[in-house]
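The values are calculated or read from the model by the stated rules, or taken from the named source; none is laboratory data. What you see is a predicted model, and the numbers here were worked out from it, not measured in a lab. Heavy atoms of the whole protein, side chains included, go into the accessibility calculation; ligands, DNA and RNA do not. Shrake-Rupley method; radii C 1.70, N 1.55, O 1.52, S 1.80 Å.
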Amino acid sequence: MKKFALFILMALMLPLQACAQEQGARWKEGTHYIVLDEPATAKPEIKEFFSYWCPHCYRFEPLVKQMKDKAGDDVKFTKVHVNFMRFTGSDVQDDATRAMMIGRAIKQEEAMNAAIFNYIHEQRASVTGLKDLRNIFVVNGVEAAEFDKLANSFGVNSMLQKNNKQIDQYRQYLSGVPSFIVNGKYQPTFTSDMTMDDIVDLIVWLSAQD
């Protein structure tokens, strides 16, 4: 009976192993990803460097959800909001990062990210500073007093500084956004023949590499 159970387990694992080998043969260093001269992270993680003002980043949001779902809970996914885009000033971009951190602090990051993206790309409205971002939060159910309390809190300030330190660390690799850094050392590159599913599969595969 034990031998039979072991046989069944092996039979179930073989397709998974074959799939992993197939993916490994599919993605080529130098074509689909580069290895950065950076230390690897202790645990699997995916960082997405993005901007709320970037239309490509907005269109990538459904793919980001797929990445999270496929990578699973063992892979940490972090959004890093950049402040070097030319759509607006760096001070306004830092205000947007601060707003993202407020959303993170109240555990509504995904909802507030979607609201900010919608405000800029669907409503075609302008973000001129923290006041506009505050209004977005209030319209989406966040108490104004809570937003104000967190806006200059030690926790949000610390998260903002950490966000910008990550920009500084990887700035030389960021010619544009969205850009992904996986496990601290892999940067996927997207070729013209890749589908959206390919992009998701590549990033998830990289997260499983040492």
Kirkwood Rh (inverse of mean 1/r, distinct Cα pairs), the range 65-178, angstrom: 15.0
Can you work out ³J(HN,Hα) from phi for every residue in the range 180-187, in order, using Karplus 6.51 cos²θ - 1.76 cosθ + 1.60 and θ = phi - 60°, giving whole Hz and x for Gly and Pro? 10, 10, 10, 6, x, 9, 10, 10
To the nearest 10 degrees, how steeply does helix 154-170 sit against the main Cα axis of the chain, on a 0 to 90 scale? 60
Run the numbers on the chain and let me know its relative contact order in percent, using alpha-carbon pairs under 8 Å that are six or more apart. 34
Unit Cα scatterers, Debye sum, the range 126-182: log10 I(q)/I(0) for q = 0.19, 0.27 Å⁻¹: -0.86, -1.01
How large is Rg over Rh for the chain, taking Rg from the Cα atoms and Rh as the Kirkwood inverse mean of 1/r across Cα pairs? 1.05
Given springs between every Cα pair under 10 Å in a Gaussian network model of the chain, which of 26, 104, 59 has the largest fluctuation? 26
Judged on accessible area alone, 1.4 Å probe, highest first, 88, 195, 97 line up as 195, 88, 97
Taking only Cα atoms of the range 103-147, what ratio of Rg to Rh do you get with Rh as the Kirkwood inverse-distance radius? 0.94
Starting from the Cα-Cα distance between residue 41 and residue 122, subtract it from 0.36 nm times their residue separation and give me the gain in nm to one decimal. 25.5 nm
Would you kindly find the accessible area of residue 186, with a 1.4 Å probe and non-protein molecules such as ligands, DNA and RNA excluded, rounding to the nearest 10 Å²? 20
So which lysines pass the test for residue 47, namely a Cα distance under 30 Å, with those fewer than 8 places away in the same chain ruled out? 28, 65, 68, 70, 76, 79, 107, 131, 149, 162, 165, 185
